[in-house]
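The values are calculated or read from the model by the stated rules, or taken from the named source; none is laboratory data. Owing to the predicted nature of the structure, the values given are computational and were not obtained by experimental measurement. Positions of Cβ are generated from backbone atoms using ideal geometry, with glycine treated the same way; all protein chains shown enter the neighbour counts. To get the accessible areas, we keep the full protein, side chains included, count just its heavy atoms, and leave off ligands, DNA and RNA. Shrake-Rupley method; radii C 1.70, N 1.55, O 1.52, S 1.80 Å.
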Amino acid sequence: MRAVIQRVTKASVTIDHKIKGQIASGVLIFLGIVSEDSLDDVKWLSKKISNLRIFSDSNGLMNLSLIDQNFEALVISQFTLHAQTKKGNRPSYIKAARPEVATPLYKQFINQLKQDLGKDVPSGVFGADMKVELLNDGPVTIIIDTKNRE
């Protein structure tokens, strides 16, 4: 599971000209899933993101988490995070999980994050054509891959 986490002051996702989900301050999470991902990856990544200290404290230091700030998260599925670009100019998405594997894990991640944050977690729709708007805060962008737990 690979996540690109962007600290935002606001973010939204629109599908078919209708806002599907939106948040104020918090994080926008782009989530890519591979076939080898499991419930263990879901739990680990949700806990990591919930507790990631990327928000400023009163001294201006990034020392506070989503939980500490009671901020929100918006989750967007993005299979292109697993693009392979080594050969040629057309990315290959062969590593990205097929929908029958990825969709349940995507939903489990949203539910786990909802549980870890103790609040609703808006999201896009797996496989939909989505328009995502965000206002980066910082900017702060973090990439986490559950296969590379450093």
Item to check | Per residue convex hull volume, Cα atoms of region 61-143, in Å³ | outcome: 141 Å³
Checklist outcome for this item: Output ordering of 13-23, 116-126 (per-residue mean of other Cβ within 10 Å, highest first) is 116-126, 13-23
Checklist outcome for this item: Measuring from the longest principal axis of the C-alpha atoms of the chain, the long axis of helix 39-51 (C-alpha) lies at a number of degrees, nearest 10, equal to 30 degrees
Checklist entry - Quick one: accessible area per residue over the chain, 1.4 Å probe, rounded to a whole number of Å²? => result 58 Å²
Checklist outcome for this item: Net charge near residue 129 (other residues with Cβ under 14 Å of its Cβ; Lys, Arg +1; Asp, Glu -1) is +2
Checklist entry - Between the helical axis of 99-117 and the dominant principal axis of the chain, each derived from Cα atoms, what acute angle in degrees is found, rounded to the nearest 10? => result 10 degrees
Item to check | Mean Cβ neighbour count within 10 Å, used as a protection proxy, ranking 87-99, 65-77, 35-47 highest first | outcome: 65-77, 35-47, 87-99
Item to check | Relative contact order for the chain, counting Cα pairs under 8 Å that sit 6 or more residues apart, in percent | outcome: 38 percent
Next on the checklist: Amide H of residue 25 versus every other amide H placed in the peptide plane: which residues, excluding those fewer than 5 positions away on the same chain, fall under 5 Å?
Outcome noted: none
Checklist entry - Which percent of Cα pairs goes in each bin when the distances of the chain are cut into 5 angstrom slices starting at zero? => result 2, 10, 19, 23, 21, 15, 8, 3, 1, 0
Item to check | Calculated [θ] (222 nm, deg cm²/dmol) that DSSP helices of n ≥ 4 give over the chain, each run adding -39,500 (n - 2.57) | outcome: -7500 deg cm²/dmol
Checklist outcome for this item: The percentage of the accessible area of the chain (probe 1.4 Å, all protein chains present) made up of carbon and sulfur atoms, to the nearest whole number, is 48 percent
Item to check | Distance between region 9-42 and region 85-150 - C-alpha centres, whole angstrom | outcome: 6 Å
